[in-house]
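*Asks:* There's a structure below that I have some questions on.
The values are calculated or read from the model by the stated rules, or taken from the named source; none is laboratory data. Just so we're clear, the structure is a prediction, and the values are computed from it rather than from any experiment. A quick note on method: Cβ atoms are made from the backbone with ideal geometry, for glycine too, and the neighbour counts reach across all protein chains shown.
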């Protein structure tokens with residue numbers, strides 16, 4: 001049994017506990033909190049009743065060093081860095097669900113997150129945690145930067161197409177719709193029922209913090225800078241992301257190559273499903289699961305390529321992917337505690 005800790009008690013922490021309830025090689029030793037110290041976590045989240053009796057405790061890095069082999073950090077940006085620095089020195093592996101280690105350029109991080117990065121030297125060591133792309137690097141890492149939910153939905157469909165030169169890296173449009181849980185558990189007017197119900201709105205237009213993360217990884221795949229426009233929208237549903245990306249075939253490429261590349265890349269992947277021709281994803285098909293579905297439209301005459309993807313922002317977009325990464329870090333079968341279908345209807 002590997003003993004691990006969870007730092008944070010928000011929605012992603014709750015989903016980590018839900019998913020790990022069936023894991024027979026990992027034991028959650030402790031959950032750390034600021035607002036719920038002294039409360040049982042199944043009292044904070046009653047759906048966990050009967051699966052855990054952990055009591056939220058104040059974060060104690062020294063205790064973690066002596067009692068955990070790995071830790072999940074489910075914290076707002078800026079808070080993970082000092083803890084990860086200490087934990088790494090003690091040999092404790094970290095999976096950070098926040099943004100502190102996703103961007104390789106500290107200046108870009110500071111620009112978008114308005115926070116000075118306290119350990120820019122560690123950015124080179126941290127591995128971006130998309131298992132389908134960087135599995136071998138993840139296995140050898142000490143620090144995993146768990147990707148953002150929007151970036152996961154855009155990078156997994158586009159990266160193989162850019163890496164093989166099938167589509168252009170210029171003028172890519174990424175349009176995403178997200179459920180309200182993506183905003184986290186914190187109280188804010190913009191997440192209230194009356195503000196969200198029966199409406200759709202764009203936000204972070206041209207400035208969203210996930211834009212440089214997407215551009216970084218797509219440029220890495222293309223081995224040259226890509227040009228993207230990313231716009232997220234808030235949809236009145238609890239969880240889920242539907243992302244539609246628009247790009248063009250490169251000269252000399254054929255529409256059928258889009259499907260061939262994606263099917264070849266993901267044929268042996270458990271959690272990425274390339275749907276049959278003419279079928280487009282639905283967020284309900286991946287609700288509560290660790291799957292990402294991809295639908296494809298490509299046209300030879302116009303050169304248009306439209307890729308639609310769907311995932312659950314709290315599982316494949318956050319906690320499920322984090323457990324994939326943890327399994328790889330600890331030498332456990334990657335699909336452990338994650339291999340199950342979504343909930344439908």
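*Asks:* Keeping to segment 126-154, report how many residues are over 19 Å from the mean Cα position of the chain (by Cα) and either in contact (Cβ under 8 Å) with a residue 24 or more places away in the chain or under 26 Å from residue 246 (Cβ atoms) (or both).
*Replies:* Here is the first cut: in segment 126-154, the residues over 19 Å from the mean Cα position of the chain (by Cα) are 140.
So of that shortlist, the ones also either in contact (Cβ under 8 Å) with a residue 24 or more places away in the chain or under 26 Å from residue 246 (Cβ atoms) (or both) come out as none.
The qualifying residues number 0.
*Asks:* So, one more: Looking at segment 222-236, which of its residues are outside any strand (DSSP E or B) and buried (at least 17 other Cβ atoms within 10 Å of the Cβ)?
*Replies:* Selection gives 222, 226, 235.
*Asks:* Every residue in segment 322-345 that is at pLDDT 95 or above, within 19 Å of the chain's Cα centre (by Cα) and crowded, with 17+ Cβ neighbours inside 10 Å, please.
*Replies:* 322, 323, 324, 325, 326, 327, 328, 329, 334, 336, 337, 338
*Asks:* Answer yes if at least one residue in segment 249-259 is assigned to a loop (DSSP other than H, G, I, E, B), on the phi > 0 side of the Ramachandran plot, surrounded by fewer than 20 Cβ atoms within 10 Å (Cβ to Cβ) and over 16 Å from the mean Cα position of the chain (by Cα), and no otherwise.
*Replies:* Within segment 249-259, one or more residues are assigned to a loop (DSSP other than H, G, I, E, B), on the phi > 0 side of the Ramachandran plot, surrounded by fewer than 20 Cβ atoms within 10 Å (Cβ to Cβ) and over 16 Å from the mean Cα position of the chain (by Cα).
*Asks:* Right, another one. Look at residue 96 and say whether it is touching a residue at least 12 places away in the same chain (Cβ under 8 Å) and either outside the structural domain of residue 27 (by TED's automatic domain parsing) or surrounded by fewer than 18 Cβ atoms within 10 Å (Cβ to Cβ) (or both).
*Replies:* Working: touching a residue at least 12 places away in the same chain (Cβ under 8 Å): yes; either outside the structural domain of residue 27 (by TED's automatic domain parsing) or surrounded by fewer than 18 Cβ atoms within 10 Å (Cβ to Cβ) (or both): no.
No, not satisfied.
*Asks:* Also, quick follow-up: Scanning segment 162-190 for residues that are in contact with a strand residue (DSSP E or B) (Cβ under 6 Å, 6 or more places away or on another chain) and closer than 20 Å to residue 210 by Cα, which turns out surrounded by the fewest Cβ atoms within 10 Å (Cβ to Cβ)? Can you show your working first?
*Replies:* Filtering segment 162-190 down to residues in contact with a strand residue (DSSP E or B) (Cβ under 6 Å, 6 or more places away or on another chain) leaves 167-168, 172-178.
Restricting the remaining residues to those that are closer than 20 Å to residue 210 by Cα gives 172-178.
Details: 172: 23, 173: 13, 174: 27, 175: 17, 176: 26, 177: 20, 178: 24.
The extreme case among them is 173.
*Asks:* Restricting the first residue to segment 163-176 and requiring it to be within 18 Å of residue 265 (Cβ to Cβ), which pairs with a second residue that is surrounded by fewer than 19 Cβ atoms within 10 Å (Cβ to Cβ) and at pLDDT below 95 meet a Cβ separation below 6 Å and a spacing of at least six or different chains?
*Replies:* From segment 163-176, no pairs qualify.
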